[in-house]
Amino acid sequence: MSRRITPASRRSLLRGIAIAMLAAIFLAVPEAWATAPICENGATASPTMFAPRSVPAKMILDLSWLVWGICFGIFLIMEGLIILCIFKYRRAKDDDTEAPQIYGSNPIELAWTIVPTLIVFVLFLVSARTIFEIEKTSAPEGSLEITVIGHQWWWEFDYPEYGFVTANELHVPATRDGKRVPIYLTLESNDVIHSFWVPQLGGKTDVVPNHINHLWLEPTMTGTYVGQCAEYCGTQHANMLITVVVHPEEEFEKWVAHQKTEAVDDDTVAVGRDLFQRTACINCHTIRGTVANGTFAPDLTHLMSRSVIGSGVVSNTADNLAIWVYDPQILKPGCRMPSMKLTKKDVTEIVQYLLTLK
Amino acid sequence: MTALDHSGNPLRAKATFLGRMHEWVSTADHKKLGVMYVTTGLLFFLIGGLEATMMRWQLAVPDSSLLSPSDFNRLFTMHGTTMVFLVGMPILLGVANYIIPMQIGARDLAFPRLNAFGFWLFLFGGLLLYFSYFGAQGLYGMGSSPDVGWFAYAPLTERTYSRGHSTDYWILGLLVSSFGSIATGINLITTILTMRCPGMTLMKMPVMVWVMLIDAILIMIAMPPLAAAQVMLLFDRLMGAHFFDVQGGGSAILWQNLFWFFGHPEVYILILPAFAYVSEIIPVFCRKVIFGYPLMVAATVSIGFISLGVWVHHLFALGLSPMVNTIFMGSTMLIAIPTGLKMFNWVGTMIGGKIRFDTPMLFSTGFLALFLIGGLTGVMLSVVPFDWQVSDSYFVVGHFHYVLFGGLVFAIFAAIYYWFPKVTGKMLSETLGKWQFWLLFIGFNLTFGPMHVSGMLGMPRRIYTYHADRGWELWNMLSSIGVLVQIAGVTFFVWNVIQSLRKGKDAGADPWDGWTLEWATTSPPPEYNFEEIPKVYSCRPLWDLKHPEDPDWKYE
């Protein structure tokens, strides 16, 4: 079958394939994140580890390039050898003799034991250093501490320093050269194991019931970053999304001041408010300043300051809210909030009320 | 005992259908059990593949609503469980069952009836698991098949979060079949240690026998902790114990440690047989003795040893202390060294050979090329900070499919093409085999290559849908297209087997000009394997016979 292929044409074919493979691998990856579209809820790019926006994420990427380089080098050498064998040591058509029998060679075998050992040793030392740098067992100095609580299938963010609780959207200030603000998250779970992962801000850390974990982030650029739960946690694992909004310092302080306030009390939506307070809503949801003080579901005090509902399943618009209040199972099948069997009119009234919770 | 014809084969033509059924069901012959293991494994492979196809169909486009979330979750749970416990395990046990006694010149395994017992436990364990589709319709209709993922992390498996009986079916199905595996493991160890033919010292065993010995030892060490953990979980679910029930003070971390103390050696239990098959096939098709036999054996033993001490690398994101993470990063990187050695020695065998690219060799070469990638991404994943980014993402899905599909499944196909003539007396078609290889090779890379990219772009595994705005569309579409190509490849295989069984070329005793003892007897072999127990002087007894002027034992 290979009679008409000359060694020269074989070599050029080989070279062509090699170049094409290299190009594909080198171009595809950066291309993927550079061209990722702006998404609906305002995030800037695909949640890729190649566009780090935080100190630990950058450290991980720097180490990853080294790992990539080493592994890619080994890949090229080994695949090259295999391809070489395929072409060079293919049996000639009518050669029925046996190949010379070589049982082994101590110097060669010793060499290819020692070289990988050395590579592994170097890789181990470099990586170990990064582990100890990133995995902080106590809060770094001057850090903002936030407690993250994983629920099936949404996130609760507790700001003990400021005394309020919010959901699904984590707001943090950006760190600056003059004033570093590390974010030190305490991770707890209310039910099963989840995992907090926003690739552009850092690696993932599991959120485990009966076990407290910590995660250090230190965003260096403002913007909206997306991530999601990375440990399978049940039916709606796919829609347990995370949005992190990184503000400039002053903007963050404004946001905090607003979140600290109690809910707006607007008499024009009294019908909706009374409906909300008469139905089961208040057993699960809190709206500070009213009788609603449930803690099983997201705090709604400043619902309209958030861009998404259902932990990111849809954007936070009046229409989506109406569908959600009518029957959450339409938008997020399997989620823990049941349909309250409200009439269309009641739904409209409640949504009118929710829309005032700026 | 059935009547035998002149070459020692049972007289099948005269047997009635019921008679033949009875013969298969009641057999304790290692060859029949081997065939049943592999056939059942391949059938489950088709089912598991179908499950994967449905998942890829759902994920081909963003915001797809083809499958409901719970259906999708059931599919990936069943896909993973099936492929590991009902495809990988039975095929590796089946091939070992058939080939090992013949390679060591024995007439059967040490405990033939225990062997049959092991097979039936496996089969009914598998059926029990699949019966959940009918039988687990529990409270609130939340039954049906298990939906907790193949590693079933507590407390998701506790009664609070997993109503109905689907998780109970998962536990019991695997418990039953893992007892079967333990039994067969013990059987293999005993056989290899006590039933070798005269002259076959430990260092004169074929590489495959060595590898399967270590594999069986790993089965014996790793399976019992899983069984124990499953019994504990069963206590939690059915009797209100609190081992993993966090609401009652149990520990979610305990399950992860117990599971992966089984789970990681299990990965090596699955990949070692792949090493075994290619270690047999590559030398024969390169017409060259395996390079560095003692080092191969040493590497196998050290892989077995180290693989028992790396399980925490599945838990790098669990929030263990930096010191624990560092230690297990070290042990994980360490295992790359013996694995790399094997890779070098296989390539070393090819260098200077006269390679015949028949289908078994084609699949073995495919194994080398693909397993290399899986191995290297494995080294990358051992780097804890990198793992923090990509663990539980599609990168990991890509990685372990390169190991278990590109590695194990390609090696299994190599083994099937290699030993099918021995088992049936018929050759598989080379043309169809080559079609199958290229379709599978292209389809495989198209499916699992892009997964590395989508993982690094932040796509977690086990999500039933994703939004259109995350830059994952292209990669998922490519993955799904690749599945179609793979299906075409597998279709060629099924067609090839059916065709060759009906009118394949006669194989003769030794179609590949092989060197180990299984090629010294007829194809298919008689029930007692060898008329006379052979006596060997080296690792390659048939080489010595074929080349009396230059036998191996002169050099060993």
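The values are calculated or read from the model by the stated rules, or taken from the named source; none is laboratory data. All of these numbers come straight from a predicted model, not from anything done at the bench. Every residue, glycine as well, gets a Cβ built from its backbone with ideal geometry; the counts of neighbours run over all protein chains shown. The protein model used for the area step is the full one, side chains on, heavy atoms only, and it has no ligands, DNA or RNA in it. Shrake-Rupley method; radii C 1.70, N 1.55, O 1.52, S 1.80 Å.
Measuring from a point 7 Å past the Cα of A:GLU262 along Cα-to-C-beta, which residues in region A:341-358 have an amide N at less than 16 Å?
Taking a point 7 Å out along Cα→Cβ of A:GLU262, the residues of region A:341-358 whose backbone N falls under 16 Å are A:357-358.
Once the cut-off is 34 Å, how many percent of the Cα-Cα pairs in chain A end up in the long-distance tail? Before the final figure, lay out the partial values.
Details: 28101 of 63903 pairs.
Every Cα pair in chain A considered, those over 34 Å come to 44 percent.
If I model a spin label at B:LEU43 and B:SER64 as a point 7 Å from the Cα along the Cα→Cβ vector, what separation in nanometres do I get?
2.9
Output ³J(HN,Hα) for region B:341-358: one whole-Hz value per residue in order, computed from phi by the Karplus curve 6.51 cos²θ - 1.76 cosθ + 1.60 with θ = phi - 60°, and x for Gly and Pro.
4, 4, 4, 4, 5, 5, 5, x, 5, 5, 4, x, x, 10, 7, 9, 8, 6
Could you state the per residue volume, in Å³, of the convex hull enclosing the Cα atoms of region B:7-119? Each step should come with its number before you reach the end.
Details: hull volume 16.7 nm³, N = 113.
Taking the convex hull of the Cα positions in region B:7-119, it is 148 Å³ per residue.
Placing one identical point scatterer on every Cα of region A:267-354 and ignoring solvent, what is log10 I(q)/I(0) from the Debye formula at q = 0.12, 0.16 Å⁻¹?
Log10 of I(q)/I(0), two decimals: -0.31, -0.58.
Report the FRET efficiency, 1/(1 + (r/R0)^6), for B:ALA468 and A:SER339, where r is their Cβ-Cβ distance and R0 is 25 Å, rounded to 0.05.
With a Förster radius of 25 Å, E is 0.40.
If you average the sequence gap of Cα pairs under 8 Å that are 6 or more apart and divide by the length of chain A, what percent do you get for the contact order?
Dividing the mean separation by the residue count of chain A yields 15 percent.
May I ask you to compute the full-extension gain from B:ILE498 to B:ILE481, defined as 0.36 nm times their residue separation minus their alpha-carbon distance, rounded to one decimal in nm?
Separation in residues times 0.36 nm, less the Cα-Cα distance, equals 3.5 nm.
Provide the FRET efficiency to the nearest 0.05 for the A:THR317-A:ASN283 pair, computing r from the beta carbons and using R0 = 22 Å.
Numbers: r = 26 Å, r/R0 = 1.17.
E between A:THR317 and A:ASN283, to the nearest 0.05, is 0.30.
In square angstrom, what is the accessible area per residue of the protein assembly as shown with a 1.4 angstrom probe?
38
Which value, to two decimals, describes the C-alpha radius of gyration of region B:33-546 once divided by 2.2 N^0.38 Å?
Ratio of Cα Rg to 2.2 N^0.38 Å: 0.95.
Quick one: grab the alpha carbon gyration tensor of the protein assembly as shown, order the square roots of its eigenvalues as a ≥ b ≥ c, and give me rounded if a/c is under 1.5, else prolate or oblate depending on whether a/b is larger than b/c. Could you put the intermediate results ahead of the total?
Details: a/c = 2.28, a/b = 1.77, b/c = 1.29.
The shape class here is prolate.
Obtain the nm distance between the two label points defined at A:ILE102 and A:LEU331 by a simple spin-label model: each point lies 7 Å from its Cα along the Cα-to-C-beta direction.
Going from the A:ILE102 label point to the A:LEU331 one covers 6.7 nm.
Heavy atoms of the protein only, probe of 1.4 Å, neighbouring chains included. What is the accessible area of B:LYS554 in Å², nearest 10?
Estimated to the nearest 10 Å², B:LYS554 gives 120 Å².
What FRET efficiency, computed as 1/(1 + (r/R0)^6) with R0 = 30 Å and r the Cβ-Cβ distance, is obtained for A:THR186 and B:ALA228, rounded to the nearest 0.05?
The value I calculate is 0.35.
Pairs of Cα atoms under 8 Å, at least six residues apart: use those to get the relative contact order of chain B, whole percent.
16
Convert 25 °C to kelvin, take the viscosity as 0.890 mPa s, use the Kirkwood radius over C-alpha pairs of region B:255-335 as Rh, and evaluate the Stokes-Einstein diffusion coefficient in µm²/s, rounded to a whole number.
171
Would you mind checking the pairs A:LYS93/B:LYS546; A:LYS93/B:LYS426; B:LYS434/B:LYS535; A:LYS88/B:LYS503 and listing those with alpha carbons more than 31 angstrom apart? If you can, show how the numbers build up before the last one.
Working: A:LYS93/B:LYS546 22 Å; A:LYS93/B:LYS426 24 Å; B:LYS434/B:LYS535 37 Å; A:LYS88/B:LYS503 35 Å.
With Cα atoms farther than 31 Å apart: B:LYS434/B:LYS535; A:LYS88/B:LYS503.
Considering only protein heavy atoms and a probe of 1.4 Å, how much of the accessible area of the protein assembly as shown is carbon and sulfur, as a whole percent?
67
Out of the trypsin sites (Lys or Arg not before Pro) in region A:144-213, which ones are loop residues according to DSSP with at most 11 other C-beta atoms within 10 Å?
Sites meeting the loop and neighbour criteria: A:ARG176, A:LYS179.
Using the Kirkwood radius over Cα pairs, work out the Stokes-Einstein diffusion coefficient for region A:167-270 at 4 °C and 1.567 mPa s, in µm²/s as a whole number.
Answer, rounded: 84 µm²/s.
Using only atoms on other chains, find how many Cβ atoms lie within 10 Å of each Cβ of peptide B:329-339 and report the average.
The shielding value for this peptide is 4.
Would you kindly state how much longer the chain becomes between A:ALA111 and A:PHE87 on full extension, computed as 0.36 nm times their sequence separation minus their alpha carbon distance, in nm to one decimal? Present the calculation step by step, with values, prior to reporting the outcome.
Details: separation 24, 0.36 × 24 = 8.64 nm, distance 2.52 nm.
Gain in length upon complete extension: 6.1 nm.
Can you run phi through the Karplus equation (6.51, -1.76, 1.60; θ = phi - 60°) for region A:91-99 and list ³J(HN,Hα) in whole Hz, with x for Gly and Pro?
In residue order, the calculated couplings are 5, 5, 3, 10, 8, 9, 7, 7, 6 Hz.
Among the lysines, which have Cα under 28 Å from the Cα of A:LYS341 when same-chain residues fewer than 8 positions away are ignored?
A:LYS332, A:LYS358
Between A and B, buried accessible area summed over both sides at probe 1.4 Å, in Å² to the nearest 100?
Buried area (both sides, nearest 100 Å²): 8200 Å².
Between A:LYS179 and B:TRP438, what is the spin-label point distance in nm, taking each point 7 Å from the Cα along the Cα→C-beta axis?
Result for the modelled spin labels: 6.7 nm.
What's the angle, to the nearest 10 degrees (0 to 90), between helix B:252-286's Cα axis and the longest principal axis of chain B?
Long axis of B:252-286 versus the principal axis of chain B: about 30 degrees.
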